[in-house]
């Protein structure tokens, strides 16, 4: 009987001790912060967020846009991040999540869009071509002004100046024509009006002319030593032919104009992300001194366990004494 009472007391103490320690850890305000974060709590005043919340409220890790400059007000209550994007870029890649920096919690309050036009300019040479009926330089320059306004295919405009050393004049084309030419020949002192005495073709300025007509003239009769002579004849022949020639129908004038062309182009769009800063609560001072907080659980629970064990032993002794009395009475 005595051994049974002792075993009951020991089992009671063993069961109550872990429960006491677990209860103490449950209400201890200085428990492990990592354990408390696992429960989804947030340490008051420390500024430390649970892992789950940090994943939702932290900075974006995958962004498509990065600021070209960042400005901060003197009191730290406003931060402006400037993003310069092309008109084709999507502003959705600009991070909008809040962040903590130098004691401030910064939250996006506005996203401003500003068009940033730029002056685009470059050197340009334009070649012009026109027709002229004459090729002398005076007539050609009358067709070419010293300055001309030009617009390029991509929309740049400017005033260009003539370069005189680039002026060129070339025939625009040729045309051929034929004309009739003629030549006359005289053949005197012919015995008769016989065409066989007349050449059928002649050469004139490198061209071959053909006999076209003949006119005959008779000479007066004469006598020599009293003998009468017959009449003599003179032939006037006309020869004709054709001659080919070519001539310029006009002239083509080309010249270069050089200068600078420019335009106002929208090659960049500026976005300004405005963040408003709110001061964070001061962080608590963490010391390395041992915790001197008196924990009543460490005293009361063991004492209760001992008292319960003592009660059990007393009850066992009382039962034993009662049995002994009963045996003596018998």
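The values are calculated or read from the model by the stated rules, or taken from the named source; none is laboratory data. What you see is a predicted model, and the numbers here were worked out from it, not measured in a lab. FYI the Cβ positions are ideal-geometry reconstructions off the backbone, even for glycines, and counts take in every protein chain you see.
Restricting attention to region 225-244, which residues are in a strand (DSSP E or B) and either modelled with pLDDT of 85 or more or touching a strand residue (DSSP E or B) at 6+ places or on another chain (Cβ under 6 Å) (or both)?
Once the filter is applied, which keeps residues that are in a strand (DSSP E or B) and either modelled with pLDDT of 85 or more or touching a strand residue (DSSP E or B) at 6+ places or on another chain (Cβ under 6 Å) (or both), region 225-244 yields 233, 234, 235, 236, 237, 238, 239, 240, 241, 242, 243, 244.
Being loosely packed, with under 11 Cβ neighbours inside 10 Å, touching a strand residue (DSSP E or B) at 6+ places or on another chain (Cβ under 8 Å) and outside the structural domain of residue 161 (by TED's automatic domain parsing) narrows it down to one residue among 119, 130, 112; which is it?
Going through 119, 130, 112 in turn, the sole match is 119.
Give me the residue from region 195-220 that is in a loop (DSSP other than H, G, I, E, B), at pLDDT 85 or above and touching a strand residue (DSSP E or B) at 6+ places or on another chain (Cβ under 9 Å) and, out of that set, surrounded by the most Cβ atoms within 10 Å (Cβ to Cβ). Spell out the reasoning first.
Quick first cut of region 195-220, residues in a loop (DSSP other than H, G, I, E, B) only: 198-200, 205-206, 219-220.
Going one step further and asking which of them are at pLDDT 85 or above, we end up with 198-200, 205-206.
From what is left, the residues that are touching a strand residue (DSSP E or B) at 6+ places or on another chain (Cβ under 9 Å) are 198-200, 205.
Details: 198: 16, 199: 10, 200: 10, 205: 9.
Only one residue fits best here, namely 198.
Within region 152-176, can you find the residues that are free of Cβ contacts under 8 Å to residues at least 60 places away in the same chain and under 29 Å from the mean Cα position of the chain (by Cα)?
Within region 152-176, 153, 154 qualify.
State yes or no: is residue 177 surrounded by 12 or more Cβ atoms within 10 Å (Cβ to Cβ) and under 24 Å from residue 241 (Cα atoms)?
no
Looking at 165, 154, which one is in a strand (DSSP E or B), loosely packed, with under 11 Cβ neighbours inside 10 Å and out of contact with any strand residue (DSSP E or B) (no Cβ under 6 Å at 6 or more places or on another chain)? Steps first, please.
Working: 154 fails: in a strand (DSSP E or B).
Step by step, each of 165, 154 is checked, and only 165 is in a strand (DSSP E or B), loosely packed, with under 11 Cβ neighbours inside 10 Å and out of contact with any strand residue (DSSP E or B) (no Cβ under 6 Å at 6 or more places or on another chain).
On the given criteria, is residue 108 at pLDDT 90 or above and closer than 27 Å to residue 250 by Cβ? Walk me through it before giving the result.
Numbers: at pLDDT 90 or above: yes; closer than 27 Å to residue 250 by Cβ: no.
No.
Would you mind stating whether residue 276 is part of a loop (DSSP other than H, G, I, E, B) and either surrounded by 10 or more Cβ atoms within 10 Å (Cβ to Cβ) or at pLDDT below 75 (or both)?
Numbers: part of a loop (DSSP other than H, G, I, E, B): no; either surrounded by 10 or more Cβ atoms within 10 Å (Cβ to Cβ) or at pLDDT below 75 (or both): yes.
Answer is no for this residue.
So which residues in region 90-119 are under 27 Å from residue 261 (Cβ atoms) and assigned to a loop (DSSP other than H, G, I, E, B)?
Within region 90-119, 116, 117 meet the criteria.
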